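All remarks here apply to the structure that follows.
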Amino acid sequence: MKPSARWPLSLLALAALLAACSKPAEAPPAASPAGAPASAAQAQASAGIDWQQAASDADVDAAFARAVAERKPLFVYWGAKWCPPCNQVQATLFNRVDFIERSRAFVPVYIDGDSPGAQKLGARFKVRGYPTLLLFTPDGRELTRLPGEVDAQQMTQVLTLGMNAQRPVKAVLADARAGAQMLSANDWRLLAFYSWETDEQQIVPKAELPALLQQLAAACPADQAETATRLMLKAAALTDAKATPRANAALRGRALAVLSDAPAARAQMDVLTNYAADIVRALSTAKSPERAALVGAFDAALTRLQADATLSRADRLTALEARVDLVKIDTAKAVLPDTLLAEVREQAARNDREITDGYERQAVITSAAYLLEQAGLVAESDALLKANLAKSHSPYYLMSQLSSNAKRRGDKADALHWSQQAFDSAEGPATRLQWGASYVGTLVELAPKDEARIERAAQQLFNEAAAQPNAFYERSARSLQRAADKLQAWNQGKAHSAVLQRLRLQLGSVCARLPADDAQRAVCEGLFKPAARSRRSA
């Protein structure tokens, strides 16, 4: 289970929190998620941002009315308590004095993905992955989506760029594609720093995105080299892993130039650390001299970023994770050098020892445990996770990682134990459906002959969905679809037809209680239909 900035995974994918400093004044800021008293700085930050929580269309409409009255743009933060990247945003951005001051110039809205109407709002805003950050004009036009993986100082700059934008990024893109000459430097930066990963295919189909970004990089004016470089790197980063690598020496040369230039690499930190292996795959063929040169240059640049004290612990750890990924880029079971293993152990231990903020702990320790597992140090990953269960405000996330670790080492009983524990302790309606679907999937995979246990878990999942008013929107709908798909695959050959028939009848009664004109009803009725899988992505 990879706690990445590119979550939702993908789980991974990666973004929120019920973090104290992201809540309005009435939310209790007295204690950190780890149970320790909040610092004075945290309390000040909590009071500093005037978050308006939204759990319904009426709440959102009221926020837009306020934006109109105050003549301010509206900033939407969509996230969840457990999400590691969300906790990272909480720990490094929302408590910054400069961000708090900047927040006076917009209406900040927080949508907790587990609030009663959040998933319906997710459909309204076309958001899925946590975290997603959006900026709107007062009259409701979406200006841009902000990249949550950039560092905090850069995020503040990008936010200011979005707030100063004269028109939505969609209109800017249309002009760029048409070859318009009037685009300003800020227009090009708006395109380069748009969160293409959370676009949900609103502006451009996912399959067309890499080519579009490469076209934009080529069209970007020569005096905006940093912006063009970001577009070029993003194009490579988002290239389908199955695509044929580009035999383009010029692109590789530009990438190598960035990697060898410390300030240039620092400016592109988020892309280089989160997408190192993806970029290498896109620009070189397996086991080629060109790939070896790229891997060597990346390792040197990532080592510098790993040691960069101006970066957050999470960013430095991501740089180390990228180095591990590159060692295994052509051989999944490659043995890491002893020196790299030592760095992995040292970083994990230091972070566990030094972190005191509960939100940072949720972001960093989950990543450190994943890194240990990827390095082949599964027992040490287990030990770190177990030592942090009591310190985490969302221990069920760590339990899911323990389940994944157990599965890797072939311990089915332990994998099932931790998967069930994670579901049992998960909190929040959308989160419970997500973890419940995961538990059903784990049972089907690891205990396919245990009909009774699988049926009980699926019944519980559908019962909980029946009790929720918005269970068939967005993330919740996709969680239920994943469970239904797993159950149908389990019943191939009709070996479990009686169980599936009972579950269909149970779900049918849930669907029948939904109003005929409710969009959720069609979703509910389609869960066990074969075509449903193609309609909704996992």
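Restricting the trypsin sites (Lys or Arg not before Pro) of the stretch 407-437 to loop positions (DSSP other than H, G, I, E, B) with no more than 13 neighbouring Cβ atoms within 10 Å leaves ARG409.
Averaging 1/r over each pair of different alpha-carbon atoms in the stretch 233-319 and inverting the result gives 12.9 Å, the Kirkwood hydrodynamic radius. Computed about the Cα centre, the dipole magnitude for the chain is approximately 1240 debye when only Lys and Arg (+1) and Asp and Glu (-1) carry charge, each at its Cβ.
Classify the chain: rounded, prolate or oblate, from the alpha-carbon gyration tensor (a ≥ b ≥ c, eigenvalue square roots; a/c under 1.5 rounded; otherwise prolate if a/b is larger than b/c)? Kindly include the intermediate steps, with their values, before the conclusion.
Values: a/c = 1.38, a/b = 1.17, b/c = 1.18.
Since a/c stays below 1.5, the shape of the chain is classed as rounded.
The residues of the chain expose, per residue, 40 Å² of accessible area to a 1.4 Å probe.
For THR285, the residues whose amide H sits under 5 Å from its own are ARG291, ignoring neighbours fewer than 5 places away on the same chain, with H placed 1.01 Å from N. Separation of the stretch 49-106 from the stretch 167-218 is 25 Å, based on Cα centroids.
Does the stretch 91-186 classify as rounded, prolate or oblate by the C-alpha gyration tensor (a ≥ b ≥ c root eigenvalues; a/c under 1.5 gives rounded; else a/b over b/c gives prolate, otherwise oblate)? It is oblate, given that a/c is not under 1.5 and a/b is not larger than b/c. At full extension, ALA58 and VAL335 could sit 94.2 nm farther apart than now, given 0.36 nm per residue minus the alpha carbon distance. Averaging the sequence gap over all C-alpha pairs within less than 8 Å and six or more residues apart, then dividing by the number of residues, gives the stretch 404-534 a relative contact order of 22 percent. I'd like the distance between the alpha-carbon centres of the stretch 319-343 and the stretch 373-441, rounded to an integer number of Å. Cα centres, the stretch 319-343 to the stretch 373-441: 24 Å. The share of accessible area on the stretch 123-197 that comes from carbon and sulfur is 47 percent, using a 1.4 angstrom probe.
At a Förster distance of 56 Å, what's the computed FRET efficiency of ALA69 paired with ALA241, Cβ-Cβ distance as r, to 0.05? Efficiency for this residue pair is about 0.70. Dividing the helix sum by the residues of the chain, where each DSSP H run of 4 or more adds -39500 (n - 2.57), gives a mean residue ellipticity at 222 nm of -18000 deg cm²/dmol.
If you put +1 on each Lys and Arg Cβ and -1 on each Asp and Glu Cβ, how big is the dipole of the stretch 78-156 around its Cα centre, in Debye rounded to 20? The partial results should precede the final answer.
Working: 10 positive and 8 negative charges, 53 e Å.
The calculated dipole for the stretch 78-156 is roughly 260 debye.
Can you tell me how the stretch 315-365 classifies by the Cα gyration tensor, rounded, prolate or oblate, using a/c under 1.5 as the rounded cut? Please list the in-between numbers first.
Working: a/c = 3.42, a/b = 2.04, b/c = 1.67.
Prolate shape, in that a/c is at least 1.5 and a/b is the bigger ratio.
With a sphere of radius 13 Å drawn around the Cβ of LYS386, what net charge do the other residues whose Cβ falls strictly inside it have (Lys, Arg +1; Asp, Glu -1)?
Charge balance in the 13 Å sphere: -3.
Could you tell me what percent of the DSSP beta bridges with both partners in the chain are antiparallel, to the nearest 5? Can you show the working numbers first?
Details: 10 of 18 bridges.
If we restrict to bridges inside the chain, about 55 percent are antiparallel.
The calculated P(r) of the stretch 166-297, using every Cα pair and 10 Å bins from 0, goes 12, 45, 33, 9, 1 in percent.
Net charge in the neighbourhood of GLN202 (other residues with Cβ under 12 Å of its Cβ; Lys, Arg +1, Asp, Glu -1) is +2. Phi angles across the stretch 403-417 convert, under the Karplus curve 6.51 cos²θ - 1.76 cosθ + 1.60 with θ = phi - 60°, into 3J(HN,Hα) values of 5, 4, 4, 5, 4, 4, 8, x, 9, 5, 4, 5, 4, 5, 4 Hz, Gly and Pro given as x. The separation of the stretch 256-292 from the stretch 443-469, counted between C-alpha centres, amounts to 44 Å.
The values are calculated or read from the model by the stated rules, or taken from the named source; none is laboratory data. Treat the numbers as computed from the prediction; the structure is a model and nothing was measured. A quick note on method: Cβ atoms are made from the backbone with ideal geometry, for glycine too, and the neighbour counts reach across all protein chains shown. Please note that ligands, DNA and RNA were not included when accessible areas were found on the heavy atoms of the full protein model with its side chains. Shrake-Rupley method; radii C 1.70, N 1.55, O 1.52, S 1.80 Å.
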